[in-house]
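Remarks on the structure that follows.
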Amino acid sequence: MPKKKIGLLRHIANLILQNKSLIAENEKLNQQNEMLAREAARFKELLAQTGIPEIKTKINGEKRESLIRYRTATVLFADALGYEHISAGPDSKQLVDSLDEIFIKLQQIIDKYEIQGIRTIGDTLMGIGGIPEKNITNPIAVLLAAVEMQYFIREIQRSEAKGKIWKLRIGIHTGTVTASVSGKRKPRYEVKGETVNLAARIRQFCEDSNILISASTYELAKDLFLCDYFGKMPVKYEGEIPLYVVRGIKSEYSLQGKGIIPNKKFSVRYGLMQFTDLQELTLDKLEKGLPENLYYHNIKHTVDVVTQVELIGLGEGVTEEELLLLKTAALFHDTGHMASYSNHEYFSTLIAREVLPSYYYTQSQIDTICELIMATSLPPYPKTKLEEIMCDADLDYLGRSDMIPVSNSLYLEMKERSLIKSMCDWNTLQVKFISGHQYFTATARNLREVNKQLQIERIRNLVTSGE
């Protein structure tokens with residue numbers, strides 16, 4: 001047989017073998033695709049069973065964007081002014097480089113106050129407070145950043161000749177925004193809405209070296225910042241809205257009364273405002289983490305104690321800082337039940353030490369809060385006035401009209417843990433405990449002592465009758 005024919009036959013045989021291999025590989029891929037399709041269907045079925053709604057995303061190539069609506073966010077626009085003074089001379093490049101250095105510092109300032117730097121366009125910086133974590137104190141944080149930014153620019157103007165050409169104007173508005181979030185490792189935010197547009201317009205109305213804010217921001221910040229009425233700005237469909245110039249922090253809330261750096265009094269007021277966010281976060285964790293058979297040590301009890309430490313604390317004339325420490329200790333005093341029923345006070349202090357630094361509590365404040373939590377261990381032996389208030393608030397129910405049903409819930413809780421055998425044993429224990437109990441503060445005694453004695457008589461009658 002000729003060599004050409006032999007070569008052709010071999011080539012055909014190789015093609016046939018390759019074709020068979022491709023067919024086998026294709027069949028294998030089809031099987032894998034079918035398996036993946038079945039797994040995807042199974043996953044969707046499990047997702048539906050959990051009752052968790054699907055997150056709507058906008059997919060663009062490899063990017064995923066989630067849309068989130070924030071009801072209270074504060075948008076800041078800052079313009080660096082001075083380009084018009086740059087000539088084509090030898091110093092022009094140096095002046096432009098100095099602006100880059102300025103913007104790096106401004107970005108560091110907004111990062112310090114946990115404000116999202118959305119984008120920098122030319123000589124404009126945009127930031128937004130209140131995202132990604134929703135909070136009610138973002139207008140305060142944004143204004144603190146704005147005051148520090150203006151102070152930084154003024155210092156440059158005083159110290160450098162080239163710095164004198166640069167000035168800053170800042171416009172701020174608080175309202176609702178919609179944010180699109182893209183990226184996982186390093187999320188990027190893009191915000192839209194009328195709030196953004198108004199903040200940009202307010203910035204245009206602002207005079208050089210000033211901070212101009214809307215009425216909505218003013219109402220949330222006026223107690224801590226010195227503001228002067230500026231005028232009105234026309235807004236489509238809304239008429240005219242008032243604007244205010246921020247001069248700085250009020251003297252009583254700033255170091256040396258200079259209106260630039262917040263002092264301890266400011267931090268306490270800010271902490272009391274921020275407590276609402278902390279309380280919402282903590283109660284949400286308790287709702288998800290507490291055992292279902294905690295009939296007494298539940299969220300209602302925590303809210304009761306937070307309410308009572310404030311009531312008794314005000315009656316005892318505590319300071320604002322002491323009130324903040326009391327309310328925080330009350331909020332955390334039973335969080336340890338998520339870890340253990342016995343010795344839960346200790347576990348509560350561990351949780352408090354983990355969470356509170358993120359809310360700007362000092363180490364000294366956290367130590368005091370943990371001491372207040374440990375003071376609720378039974379029997380109570382308070383050593384300070386604050387510990388007395390804490391103990392009285394924790395056992396406030398002993399002198400309330402709903403003492404019996406509340407007491408019964410504690411009985412059920414302990415019975416499920418085999419800590420008490422019968423209602424008769426419980427009533428006997430109650431009489432002994434309540435008869436030996438005392439309220440430590442005059443406020444609590446005035447509020448609860450009379451009714452507590454009535455409750456003792458009621459329980460004694462139950463014990464006598466054998467119920």
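Let's see how each residue does on (1) part of a strand (DSSP E or B); (2) at pLDDT 95 or above:
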{"residue": "Ile170", "(1), (2)": "yes, yes"}
{"residue": "Lys186", "(1), (2)": "no, no"}
{"residue": "Asn197", "(1), (2)": "no, no"}
{"residue": "Asp208", "(1), (2)": "no, no"}
{"residue": "Ser216", "(1), (2)": "no, yes"}
{"residue": "Cys227", "(1), (2)": "yes, yes"}
{"residue": "Arg247", "(1), (2)": "yes, yes"}
{"residue": "Gly259", "(1), (2)": "no, no"}
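Considering the range 223-270 alone, what residues qualify as being of a type in the set (Phe, Trp, Tyr) and farther than 22 Å from Leu168 by Cβ?
At the first step, the residues of the range 223-270 found to be of a type in the set (Phe, Trp, Tyr) are 225, 229-230, 237, 244, 253, 266, 270.
Tyr237, Tyr253, Phe266, Tyr270, listed by residue number.
Against the test of being surrounded by fewer than 15 Cβ atoms within 10 Å (Cβ to Cβ) and either of a type in the set (S, T, N, Q) or in contact with a Phe, Trp or Tyr (Cβ under 8 Å, 6 or more places away or on another chain) (or both), the options Ala352, Ala339 yield a single qualifying residue, Ala339.
Of the helices (runs of 4 or more DSSP H) lying entirely inside the range 371-464, the ones with 2 or more residues being closer than 20 Å to Thr335 by Cα are found at 385-394, 403-416.
For the range 263-281, does any single residue satisfy the condition of being farther than 30 Å from His337 by Cα, in contact with a Leu (Cβ under 6 Å, 6 or more places away or on another chain) and part of a strand (DSSP E or B)? There is no residue in the range 263-281 that is farther than 30 Å from His337 by Cα, in contact with a Leu (Cβ under 6 Å, 6 or more places away or on another chain) and part of a strand (DSSP E or B).
Checked against the criterion of being among the hydrophobic types (A, V, I, L, M, F, W, C), farther than 23 Å from Tyr151 by Cα and assigned by TED's automatic domain parsing to the domain that holds Ile118, the candidates Leu198, Leu243 yield just one match: Leu198. In the range 285-299, the residues that are under 11 Å from Met414 (Cβ atoms) and assigned by TED's automatic domain parsing to the domain that holds Leu419 reach residues that are basic (Lys, Arg) and part of a loop (DSSP other than H, G, I, E, B) with C-beta atoms within less than 9 angstrom, at least six apart or across chains, in these pairs: Asn293/Arg417.
Whether a residue is assigned to a helix (DSSP H, G or I), without any contact (Cβ under 8 Å) to a residue 12 or more places away in the chain and acidic (Asp, Glu) was assessed, and Glu252 does not pass this test. Here Tyr361 fulfils each of the conditions (1) within 17 Å of Thr282 (Cβ to Cβ); (2) in a helix (DSSP H, G or I) apart from (2).
Only residues that are without any contact (Cβ under 8 Å) to a residue 40 or more places away in the chain and either touching a Leu at 6+ places or on another chain (Cβ under 8 Å) or not assigned by TED's automatic domain parsing to the domain that holds Leu395 (or both) were counted in the range 307-320, giving 2.
The values are calculated or read from the model by the stated rules, or taken from the named source; none is laboratory data. The model shown is predicted, which means the values in this text are computed figures rather than measured ones. Quick reminder, even Gly has a Cβ in these numbers, built from the backbone with ideal geometry, and neighbours come from all protein chains shown.
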